[in-house]
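In what follows, a single structure is set out as structure tokens and then discussed.
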């Protein structure tokens, strides 16, 4: 079994050589953020990930969380590691200085969070959820709410959650029943139960700030009648000190397939005191600040699991001696390392290409997130938000979908040993499975992308994405990556034709055209997006080799991985295109009773 090793060289390649991160930081007014500072921060984050929380990953999986009389105890070592994390100032790194943060670009956290999620997914969910709570209160809270809650959320003394779903409604939040009754003092009395609340109860912080969706009296039906409330676990007095308990209790924690070290709670609100965020009945729109933040975080989770599965299976493949290869590696031995066998290489390169391409995609999302938050030019902000509207469901949906395949391939490289707990691959497989469900299943991501965004806008929202890829292709139509550009350009054109075709079928009476095509559309655009990322990476590698380098093997590895992606994975778009074009009849013809 191999220990996690932070891929700092790969991260630096993505940020600095593919995406020119120093120039990006200059453009958003973060001139103090240079390559040396970023490197120093990531090195320290890597030490924490490798030395403090990676050793707790198996501990959390084996021990799990323990619930008793409404209280949750986290696995051995989790609380101490969290204390070190807070002491190091990590929670406030991208947060506003006004509330005690360090004011660094949020994109830097995309790289840091990969290290943390790779080392220990379950532990990392405790602090990262608080970031979404901070962003939501910053965007929609009153000055008083910001003054009361943000400083201690930013410092990590308190943590935050999002409380959306209920037992009867799942992702259909228009059906939720939690009630909010107004009190005489301007607060509200919150009553109801929420399920699947990650980090909903634990022993890491002094207080937990829940952001809760609930209905006001006489609110409209459906999502148009949902409001958003801050509901602290413990009442916060006017002077910021903690008062009495607030009618929030943990009814149970779930026994889950994976992420055992994170408490997934049933939370009961029994007349708990809450405070309205934003306007009444606008809660769903306001909560999307948190949801979109979390969806980008889940994309990082999916990519992180691919990276770890690749590391573990690569180490095993280099050491495991079994069967003779066509090109003998150990001619004096009866067998060769399994990395010499073509199908093992297929599984390793599949993991490597998706993990490294997925990293570039996540970093691109981070850069656009910076621009959306920090740009002073409104046109730049609008462009960034439009790009994020398209890229967020792609990153979340596509990367988590292929993460299941990649971690499965990692397990398969180990054969029988992969199925055994001590090697750690089966935990990666189990832990990444939730990422395809979190923050809206991948079908919901697909429907959001195709139906609610692209088709609902008449295709307008897709135009900047298409233009970005066309610009890249125009710049590199001749030269070292011309063959890659030709394929990316053809797929980009086909994407537009497929989009128009689905819209036409829906308008011409095929009621299920969008629902039937959405998932394959998500996968098609996902493979296209990663081809764009790998085109960028291949160009950066060619430039480095042309300019002379002491790291030739590194850049040649990037080029070989890009070639594998274009030759072995990108052709999957052909099948997805065929399925997109197929009528929905074969899905809907069979009566439900006949299944």
**Item:** Quarter of the Cα convex hull surface for the stretch 12-60, i.e. its orientation-mean projected area (nm²)
**Value:** 4.3
**Average silhouette area of the stretch 362-521, convex hull of alpha-carbon atoms, in square nanometres** = 12.5
**Message:** Angle check, please: helix 283-319 long axis (alpha carbons) against the longest principal axis of the chain (alpha carbons), in degrees 0 to 90, nearest 10.
**Reply:** 40
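Using C-alpha positions alone, give me the convex hull volume of the chain per residue in cubic angstrom. Can you show the working numbers first?
Numbers: hull volume 103.5 nm³, N = 595.
Value for the chain: 174 Å³ per residue.
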**Prompt:** Could you work out the helix-only [θ] at 222 nm for the chain, with each DSSP H run of four or more residues adding -39,500 (n - 2.57) and the total divided by the number of residues, to the nearest 500 deg cm²/dmol?
**Reply:** -17000 deg cm²/dmol
**Complete:** Residues of the stretch 353-388 with backbone N under 17 Å of the label point set 7 Å from the Cα of residue 460 along Cα→Cβ are 379-388
**Item:** Values of log10 I(q)/I(0), in the order q = 0.16, 0.26 Å⁻¹, for the stretch 90-184 under a Debye, Cα-only, solvent-free model
**Value:** -0.79, -1.28
**Relative contact order (%) - the chain, alpha-carbon pairs under 8 angstrom, separation at least six** = 12
**Asked** What's the Cα-based Rg to Rh of the stretch 207-288, Rh via Kirkwood?
**Response** 1.03
**Request:** Express in nm, to one decimal, how much length is gained between residue 579 and residue 255 on full extension, taking 0.36 nm for each residue of separation and deducting their alpha carbon distance.
**Result:** 113.0 nm
**Item:** Folded to 0 to 90 degrees: helix 106-119 orientation relative to the chain principal axis, Cα
**Value:** 80
**Prompt:** Taking Cα centroids, how far is the stretch 21-54 from the stretch 396-474 in Å?
**Reply:** 26
**Request:** Compute the Cα gyration tensor for the stretch 324-384, then decide on rounded, prolate or oblate, letting a ≥ b ≥ c be the square roots of its eigenvalues: rounded whenever a/c is under 1.5, prolate when a/b is larger than b/c in the other cases, and oblate in all that remain.
**Result:** prolate
**Prompt:** So if we plug the beta-carbon distance of residue 167 and residue 9 into 1/(1 + (r/R0)^6) with R0 = 45 Å, what FRET efficiency do we get, rounded to 0.05?
**Reply:** 0.45
**Request:** Name the shape class, rounded, prolate or oblate, that the alpha-carbon gyration tensor gives for the stretch 262-307, where a ≥ b ≥ c are the square roots of its eigenvalues, rounded holds for a/c under 1.5, and otherwise prolate holds if a/b is larger than b/c and oblate otherwise.
**Result:** oblate
**Prompt:** How many nm is it between the label spots at residue 203 and residue 560, if each spot is 7 Å from the Cα in line with the beta carbon?
**Reply:** 4.9
**Request:** Kindly express, to the nearest 10 degrees and within the range 0 to 90, the angle between helix 513-547's C-alpha long axis and the longest C-alpha principal axis of the chain.
**Result:** 60
**Prompt:** From the square roots a ≥ b ≥ c of the eigenvalues of the alpha-carbon gyration tensor of the stretch 442-586, which class results: rounded (a/c under 1.5), prolate (a/b over b/c), or oblate?
**Reply:** prolate
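Every read-out reported here was derived from the displayed coordinates using simple, explicitly stated rules and does not represent laboratory data. Here the structure is a predicted model, which is why all the values come from computation and not from measurement. Reconstructed Cβ throughout: ideal geometry from the backbone, glycine too, with neighbour counts over all protein chains shown.
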